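What follows is one structure encoded as structure tokens, with my remarks underneath.
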There are 4 protein chains.
Amino acid sequence: MKNKILLGTLMLLGTMALSGQRAILNVPELPGYVTLKCDFHSHTVFSDGLVWPTIRIEEAWRDGLDAISITDHIEYTPRKLYIPVDHNAAWKIAKTTADNFNIILVQGTEITRKMPPGHLNALFITDADSLNRPDFMEVIEAAVSQGAFIQWNHPGWKNQEPDGIPKFYPVHLELIAKGWLHGIEYFNEHEHYPLVMDMCRDNKLAVIGNSDVHGIISEEFGTPEDVHRPMTFVFAKERTMESLKEAMFAGRTAVWYGNSLAAFEEYAAPLFRSVVTAGVPFKDDGKAIWFELSNSSDIPMELTGGPEGAPAELRLPASGMIVVKADRKYLSEPMPYNVSNIITGSNSVLRVEIKPAVK
Amino acid sequence: MKNKILLGTLMLLGTMALSGQRAILNVPELPGYVTLKCDFHSHTVFSDGLVWPTIRIEEAWRDGLDAISITDHIEYTPRKLYIPVDHNAAWKIAKTTADNFNIILVQGTEITRKMPPGHLNALFITDADSLNRPDFMEVIEAAVSQGAFIQWNHPGWKNQEPDGIPKFYPVHLELIAKGWLHGIEYFNEHEHYPLVMDMCRDNKLAVIGNSDVHGIISEEFGTPEDVHRPMTFVFAKERTMESLKEAMFAGRTAVWYGNSLAAFEEYAAPLFRSVVTAGVPFKDDGKAIWFELSNSSDIPMELTGGPEGAPAELRLPASGMIVVKADRKYLSEPMPYNVSNIITGSNSVLRVEIKPAVK
Amino acid sequence: MKNKILLGTLMLLGTMALSGQRAILNVPELPGYVTLKCDFHSHTVFSDGLVWPTIRIEEAWRDGLDAISITDHIEYTPRKLYIPVDHNAAWKIAKTTADNFNIILVQGTEITRKMPPGHLNALFITDADSLNRPDFMEVIEAAVSQGAFIQWNHPGWKNQEPDGIPKFYPVHLELIAKGWLHGIEYFNEHEHYPLVMDMCRDNKLAVIGNSDVHGIISEEFGTPEDVHRPMTFVFAKERTMESLKEAMFAGRTAVWYGNSLAAFEEYAAPLFRSVVTAGVPFKDDGKAIWFELSNSSDIPMELTGGPEGAPAELRLPASGMIVVKADRKYLSEPMPYNVSNIITGSNSVLRVEIKPAVK
Amino acid sequence: MKNKILLGTLMLLGTMALSGQRAILNVPELPGYVTLKCDFHSHTVFSDGLVWPTIRIEEAWRDGLDAISITDHIEYTPRKLYIPVDHNAAWKIAKTTADNFNIILVQGTEITRKMPPGHLNALFITDADSLNRPDFMEVIEAAVSQGAFIQWNHPGWKNQEPDGIPKFYPVHLELIAKGWLHGIEYFNEHEHYPLVMDMCRDNKLAVIGNSDVHGIISEEFGTPEDVHRPMTFVFAKERTMESLKEAMFAGRTAVWYGNSLAAFEEYAAPLFRSVVTAGVPFKDDGKAIWFELSNSSDIPMELTGGPEGAPAELRLPASGMIVVKADRKYLSEPMPYNVSNIITGSNSVLRVEIKPAVK
């Protein structure tokens, strides 16, 4: 029922920006936490991006995000003929706009090396210029000393990993051993890497998903099939920078990309329950019952593998509802389903039990 | 964030219909009541409509409505060369589908006379055929004896009232005197009649808005500018036929049409408060404060006439949020605004006070 | 650039219908012929459809079609409890509307039997009621004696042909031997049957594609992925009933469904050439040339399997253009491609040669 | 029928950009000329814009434009703290991309002064840096000596002209007297100035319309109501820089904005005739005739003020058709209409005569 809100409705400069409009995303919640919608990977003209930094804030505001990071490359600055290299510039420029829009702007940068180690984002840093030095381990150590959350980016990117399969090299294992790696991108821009779920679970790392946008968010992700940018849900105690950081180091994250959600089962199960609700049967003909199943979130739910006497598939639209007709026996026993678009591991999806409510 | 759900995604016949998808409308609530979304005026091939009755149920289900009435004309049956006249047929045909979709189907018919009295719907009747008799007052008496809610339709329709201004004729005053008129259409199809607000308030009648659809709902109301059908909100104690009826006779209604809402002030004020929320100021530069104002409903809110030191206009999108920047004095005093799209009378709109939340 | 035209912009009844708006479809042409856009399979309330017959004309007009047929079932009339059976009624009702909208209304009906023979449409008939008799061969003979074009419908429909593979039964071979079968549906509603291309070519039958719509065209085919109804292109000498009929018996047809076109190679090759044009190279760096390739039709073109030194794939949007960068050698030799969305047989697609224009 | 093509379908960098998709705009033509679609006013990060210069080329390519100019401000460079001032930089950066996309990139700049004289674009220049000098007349003289076309921008912009009414100041009259003013913006971004039509006609200047985009084209002009950016049609002998320049100095231009076209009558009349076509009457009931009226362009046509016995209004959709029902007398005499969306002067619209074709 909601019309599309485009950046064009923001007056881009000056005080009128305050009349811009922001979408409210209806997303699942973890009991006791607030779900922060975050994108920790984006670029501007200060490396190889195509926009001025304030655009990133206005896009985030309009799209309903809570926190972003601008992560221009340290080692790749193709605009330097026209724009002198300043690794902190994007952050400084965007900060005022972020403050005016109540966006949490995480200072960050992308450490950009050949594989291994590949590309890594240092998030929550205080000075990116000081991370411009040749030795990789020294850079990470410096970032960590600034309090950084280190995120390994697109580990299966075919430009760096021709078989597309993410794998730990010794340097990554060394980072993990030192406690210097905190998350891995399961999703980047338009691709995801299933194995990252297992790599993160085995090593207690946060699962991350980002846009890695270089151009225009509404053009890259504005198609009817792909209506929102990829993002990381962070389950924080409050909507503050500190709570965000605490939650990320604690690994309380999930990734929303396209119509899918990736999360460890301990988060996936309560997230599903927070938005999917079964009603009391409204019809009973002695053989079958009819009841409503509703989904209050912006994420459609695809339930498959239904049991005998129940629908094989249940496709719950975003902010929508379906009627389930099932055998009367399901008044007293639950119906098991797979939620095929909630990914819990490289080879597993969320398993749920559906049962009609009792008056 | 929600994709459009079209009837095409319903399998129209047979048990597969149960896998159809229903939109959830996010609408304001009155404390202690549930808002039923209703359309009490529609047609089928059994008078001058263009569709089979089951279509009306499937449209209502898909669009998130709770209750509808099919109100084919008693006195106008242009298909009779091919379809024998049966004023109860549409109801009988649609009832099974309604039961399978949990839609409250109110039996109704349209008594179709020249002005005065014009057209009136009898709702909650039990037999439409018995209302097919020449004397108008006899018809109404018969309907009332079935327990009918009598609704006067499109009183300013130019085909019957050339100046477009609704007015009571003696016959209407007689109906009111006898307690035989219970509501008037403020909105019909694509037009509204401002004076109806006053006519209803003065006579304790319910304000009603309906589609009066003859063709296809998604084609008449599926444009980007007009994304939902006009409908009546009924504030009922429960989602049942009985509660619906009780609320309508009690006049607890509002009308949602385009981006506007029409309701008596006693309902309009709490409805507004149920969906619009101000946040705690997140920025304070010593002169001005910045705070978020959000709207959780599918109805945009247009606030105008703001006071000095505050924005003159605040345009709150559906399911969206804006930032308000205002003088610091508004930490301690409220900002008065007109809600120019919430109509409370022929010449008045809702007046509200906005103030930022306190931590 | 074109906005969507919905039926809602038509005033459905009376003379105002004449202010309705019709889309112009930009489709390929066969030199010397006009491409008529046709749908020869649809239903109304006079069998198991859900709309009044005039809706079919208004949908066709709005959507840019030239000719349709309403083909209600002879043997299946589930509305008969309310609507007396009259197999000519839909045609009679729709004819006036068709004449007012300049739509060629082909009288038709669907002969509805178990497989074999399954369902067949008789088109260009003069009396459907006379085809209501038990013996199948007698019915066909009667239809043929009215001048009918006999079309076999959805031959791989799983309700009748569980393996989904269309095949001739003796009864079909008998029809062919007698010259009483003239076309087969390659496409029906949402599915297509690849083998039909070969069955038609081997037996000199017309390839047909239809909507078989029972509900609402704009809802069944109005999604972003499926923007037009399936239809048959008939390459006629003129836009008249007689020319249409001549062309169909001559087998000059193609089928447009989704983003694909099915046509025998003798038609497919000139159709492609009528809308795809290469420009003169606008850049030449000594190694490569750059030139524009444009598509003036509403059908995207997907070229695959490009040769060395040229793009592997060329995706030409509807009413759009791309730039091709290729080795300079292609100034003097053509680039072979497969047009993977122009189907010429059960196992073949159109093969074309692309070469830049010469000044 | 055409899907929206967004920049996201372009790979923004490197050779893959060549697989991007370009819309073909269907616009009216002047006999003997080609209509070049142009935007002569846009900004980048090199003044107060928000994007890197190559974005402007990719937007233009995608949107079907033929020529653009990037016209960053000479006197206003708010990014200079981070980007050293170089008035030729945007042109140099964009030129290679323009050459790869066959876009005519006109070198330009915006001379940015208080009113009078206000803002003027110098187009077809060879060096913008040399125009950075204090004396306004010297700047214009220098630009003219480079061969510049001088365009006065948004003459009724309320920031500079509080009453919104464009008017010549002595400085403008001096420019005209010297032959140093060649065109005026009738349309800029979201507003138009009716008087400019007369000011241009009286002084033999070209009528111009531009986006003046600072942000993202698809976001500023991508709404359902405003589907294309404002642009200038230039009627050139060929699609070359030289022909473009010749046509502009000759004043052969028109402006397309929203659903309106502004052009002097000498161009407006043949433009209309090049796209609107009446058919032969297909029905004649002795009193009235029915005939088709079609519009092959992307510009809807709104005909009003129809004569007695003909429709008062005819609304021809983009790439669409309507049926006209009119009195039989119009077989022999034309029907006069106003084309209310083709503006020919500050107070006049195009007047046309519609008559059905003869077989």
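What are the residues in the stretch A:65-122 that are hydroxyl-bearing (Ser, Thr, Tyr) and touching a strand residue (DSSP E or B) at 6+ places or on another chain (Cβ under 9 Å), if any?
Answer for the stretch A:65-122, where residues must be hydroxyl-bearing (Ser, Thr, Tyr) and touching a strand residue (DSSP E or B) at 6+ places or on another chain (Cβ under 9 Å): A:Ser69, A:Thr71, A:Tyr76, A:Thr97, A:Thr109, A:Thr112.
Checking B:Ser297 against (1) farther than 23 Å from B:His192 by Cα; (2) in contact with a helix residue (DSSP H, G or I) (Cβ under 7 Å, 6 or more places away or on another chain); (3) within 11 Å of chain A (Cβ to nearest Cβ), which test does it fail?
Exception for B:Ser297: condition (1).
Since B:Ala23 meets every condition but one in (1) among the small types (Gly, Ala, Ser); (2) more than 14 Å from chain A (Cβ to nearest Cβ); (3) surrounded by fewer than 23 Cβ atoms within 10 Å (Cβ to Cβ), which condition does it not meet?
So B:Ala23 meets the others, but not (2).
Does A:Val280 satisfy the criteria of being of a type in the set (A, V, I, L, M) and assigned to a strand (DSSP E or B)?
Answer is no for this residue.
Among the residues of the stretch C:210-221, is there at least one that is under 30 Å from B:Thr54 (Cα atoms) and touching a Cys at 6+ places or on another chain (Cβ under 9 Å)? Don't jump to the end; show me each part of the working.
Initial filter on the stretch C:210-221 (under 30 Å from B:Thr54 (Cα atoms)): C:210-221.
From the residues that got through so far, the ones that are touching a Cys at 6+ places or on another chain (Cβ under 9 Å) too are C:210.
Yes: the stretch C:210-221 contains one or more residues that are under 30 Å from B:Thr54 (Cα atoms) and touching a Cys at 6+ places or on another chain (Cβ under 9 Å).
How about the stretch C:227-265: which of its residues are part of a helix (DSSP H, G or I) and within 14 Å of another protein chain (Cβ to nearest Cβ)?
C:Met241, the sole residue that qualifies.
Against the definition (surrounded by 17 or more Cβ atoms within 10 Å (Cβ to Cβ), over 24 Å from D:Phe46 (Cα atoms), among the hydroxyl-bearing types (Ser, Thr, Tyr) and touching a residue at least 60 places away in the same chain (Cβ under 8 Å)), how does D:Tyr193 come out, yes or no?
Here the answer is no, as D:Tyr193 does not meet what is asked.
Are any residues in the stretch D:63-121 among the charged types (D, E, K, R), assigned to a loop (DSSP other than H, G, I, E, B) and farther than 20 Å from D:Glu141 by Cβ, and if so, which ones?
D:Asp66, D:Asp72, D:Arg79, D:Lys80, D:Asp86
In this structure, is A:Gln151 touching a strand residue (DSSP E or B) at 6+ places or on another chain (Cβ under 8 Å), surrounded by fewer than 18 Cβ atoms within 10 Å (Cβ to Cβ) and farther than 18 Å from A:Thr35 by Cα?
For A:Gln151, the condition - touching a strand residue (DSSP E or B) at 6+ places or on another chain (Cβ under 8 Å), surrounded by fewer than 18 Cβ atoms within 10 Å (Cβ to Cβ) and farther than 18 Å from A:Thr35 by Cα - is not met.
Taking the stretch D:302-315, which residues are within 8 Å of chain C (Cβ to nearest Cβ) and part of a strand (DSSP E or B)? Outline the logic, then answer.
So the first thing to find is which residues in the stretch D:302-315 are within 8 Å of chain C (Cβ to nearest Cβ), and the list is D:311, D:313-315.
Those that are within 8 Å of chain C (Cβ to nearest Cβ) and part of a strand (DSSP E or B): D:Leu314, D:Arg315.
Residue by residue, here is whether (1) crowded, with 21+ Cβ neighbours inside 10 Å; (2) within 13 Å of another protein chain (Cβ to nearest Cβ); (3) among the aliphatic types (A, V, I, L, M) holds:
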position: B:Tyr33; (1), (2), (3): no, no, no
position: B:Lys37; (1), (2), (3): no, yes, no
position: B:Thr44; (1), (2), (3): yes, yes, no
position: B:Gly49; (1), (2), (3): yes, yes, no
position: B:Trp52; (1), (2), (3): yes, yes, no
position: B:Arg56; (1), (2), (3): yes, yes, no
position: B:Ile70; (1), (2), (3): yes, no, yes
position: B:Pro78; (1), (2), (3): no, yes, no
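On the basis of being of a type in the set (Ser, Thr, Tyr) and touching a Ser or Thr at 6+ places or on another chain (Cβ under 9 Å), does B:Thr126 make the cut? Please lay out each step first, then the result.
Values: of a type in the set (Ser, Thr, Tyr): yes; touching a Ser or Thr at 6+ places or on another chain (Cβ under 9 Å): no.
No.
Scan (1) within 27 Å of the chain's Cα centre (by Cα); (2) buried (at least 16 other Cβ atoms within 10 Å of the Cβ); (3) among the charged types (D, E, K, R); (4) not assigned by TED's automatic domain parsing to the domain that holds D:Ser211 for the single condition D:Arg252 breaks and write down its number.
Of the numbered conditions (1) within 27 Å of the chain's Cα centre (by Cα); (2) buried (at least 16 other Cβ atoms within 10 Å of the Cβ); (3) among the charged types (D, E, K, R); (4) not assigned by TED's automatic domain parsing to the domain that holds D:Ser211, the odd one out for D:Arg252 is (4).
For the stretch B:61-88, give me each residue that is of a type outside the set (Val, Ile, Thr), free of Cβ contacts under 8 Å to residues at least 60 places away in the same chain and touching a helix residue (DSSP H, G or I) at 6+ places or on another chain (Cβ under 8 Å). So that I can check it myself, show each step before the final result.
Narrowing the stretch B:61-88 to residues of a type outside the set (Val, Ile, Thr): B:61-67, B:69, B:72-73, B:75-76, B:78-82, B:84, B:86-88.
Now narrow it down to the ones that are free of Cβ contacts under 8 Å to residues at least 60 places away in the same chain: B:61-62, B:64, B:69, B:72-73, B:75-76, B:78-82, B:84, B:86-88.
If the condition is that a residue be of a type outside the set (Val, Ile, Thr), free of Cβ contacts under 8 Å to residues at least 60 places away in the same chain and touching a helix residue (DSSP H, G or I) at 6+ places or on another chain (Cβ under 8 Å), then B:Trp61, B:Arg62, B:Asp72, B:Tyr82, B:Asp86, B:His87, B:Asn88 are the ones that fit.
What are the residues in the stretch B:168-226 that are under 17 Å from the mean Cα position of the chain (by Cα), among the hydrophobic types (A, V, I, L, M, F, W, C) and within 14 Å of another protein chain (Cβ to nearest Cβ), if any?
Once the filter is applied, which keeps residues that are under 17 Å from the mean Cα position of the chain (by Cα), among the hydrophobic types (A, V, I, L, M, F, W, C) and within 14 Å of another protein chain (Cβ to nearest Cβ), the stretch B:168-226 yields B:Val213, B:Ile217, B:Phe221.
So which residues in the stretch B:307-338 are in contact (Cβ under 8 Å) with a residue 12 or more places away in the chain and under 29 Å from the mean Cα position of the chain (by Cα), if there are any at all?
B:Leu314, B:Arg315, B:Leu316, B:Pro317, B:Ala318, B:Ser319, B:Gly320, B:Met321, B:Ile322, B:Pro336, B:Tyr337, B:Asn338
Restricting attention to the stretch C:200-214, which residues are crowded, with 18+ Cβ neighbours inside 10 Å and out of contact with any strand residue (DSSP E or B) (no Cβ under 6 Å at 6 or more places or on another chain)? Please lay out each step first, then the result.
Restricting attention to the stretch C:200-214, the residues satisfying the condition of being crowded, with 18+ Cβ neighbours inside 10 Å are C:200, C:205-214.
C:His214 - this is the single residue of the stretch C:200-214 that is crowded, with 18+ Cβ neighbours inside 10 Å and out of contact with any strand residue (DSSP E or B) (no Cβ under 6 Å at 6 or more places or on another chain).
Going by the conditions given, is C:Pro155 free of Cβ contacts under 8 Å to residues at least 60 places away in the same chain and more than 22 Å from the chain's Cα centre (by Cα)?
no
Listed here are the residues, each with its yes/no results for (1) among the charged types (D, E, K, R); (2) closer than 17 Å to B:Val106 by Cα; (3) surrounded by fewer than 17 Cβ atoms within 10 Å (Cβ to Cβ).
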site: B:Met231; (1), (2), (3): no, yes, no
site: B:Val234; (1), (2), (3): no, yes, no
site: B:Ala263; (1), (2), (3): no, no, no
site: B:Glu266; (1), (2), (3): yes, no, yes
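Here's a check for you: in the stretch D:267-279, which residue that is in contact with a strand residue (DSSP E or B) (Cβ under 8 Å, 6 or more places away or on another chain) and of a type in the set (Ser, Thr, Tyr) is farthest from the other protein chains (Cβ to nearest Cβ)?
Ranking the qualifying residues of the stretch D:267-279, first place goes to D:Tyr267.
Could you list, in sequence order, all residues of the stretch D:319-337 that are farther than 24 Å from C:Asp63 by Cα and among the polar types (S, T, N, Q)? Write out each step before concluding.
First pass over the stretch D:319-337, keeping only residues farther than 24 Å from C:Asp63 by Cα: D:327-337.
Once the filter is applied, which keeps residues that are farther than 24 Å from C:Asp63 by Cα and among the polar types (S, T, N, Q), the stretch D:319-337 yields only D:Ser332.
For A:Asn159, all conditions in the list (1) crowded, with 18+ Cβ neighbours inside 10 Å; (2) among the polar types (S, T, N, Q); (3) farther than 21 Å from A:Trp61 by Cα hold save one; what is the number of the exception?
(1)
Pairs under 9 Å by beta carbon, first residue touching a residue at least 24 places away in the same chain (Cβ under 8 Å) in the stretch C:265-285, partner among the aliphatic types (A, V, I, L, M) and loosely packed, with under 14 Cβ neighbours inside 10 Å, six or more apart or different chains?
Pairs found: C:Thr277/C:Ala357; C:Ala278/C:Ala357; C:Gly279/C:Ala357; C:Val280/C:Ala357; C:Val280/C:Val358; C:Pro281/C:Ala357.
A:Ala263: of a type outside the set (Phe, Trp, Tyr) and touching a helix residue (DSSP H, G or I) at 6+ places or on another chain (Cβ under 9 Å), yes or no? I'd like the intermediate steps shown before the answer.
Numbers: of a type outside the set (Phe, Trp, Tyr): yes; touching a helix residue (DSSP H, G or I) at 6+ places or on another chain (Cβ under 9 Å): yes.
Judged against the criteria, A:Ala263 is a match.
Consider B:Phe282 carefully, then state whether it is away from chain A (no Cβ under 11 Å) and either buried (at least 20 other Cβ atoms within 10 Å of the Cβ) or of a type in the set (Phe, Trp, Tyr) (or both).
Here the answer is no, as B:Phe282 does not meet what is asked.
Would you mention how many residues in the stretch C:167-188 are touching a Phe, Trp or Tyr at 6+ places or on another chain (Cβ under 6 Å) and either part of a loop (DSSP other than H, G, I, E, B) or surrounded by fewer than 22 Cβ atoms within 10 Å (Cβ to Cβ) (or both)?
Of the residues in the stretch C:167-188, 1 are touching a Phe, Trp or Tyr at 6+ places or on another chain (Cβ under 6 Å) and either part of a loop (DSSP other than H, G, I, E, B) or surrounded by fewer than 22 Cβ atoms within 10 Å (Cβ to Cβ) (or both).
The values are calculated or read from the model by the stated rules, or taken from the named source; none is laboratory data. Please read all numbers here as calculations on a predicted model, not as lab measurements. Note that we place each Cβ from the backbone using ideal geometry, even for glycine, and neighbour counts take in every protein chain shown.
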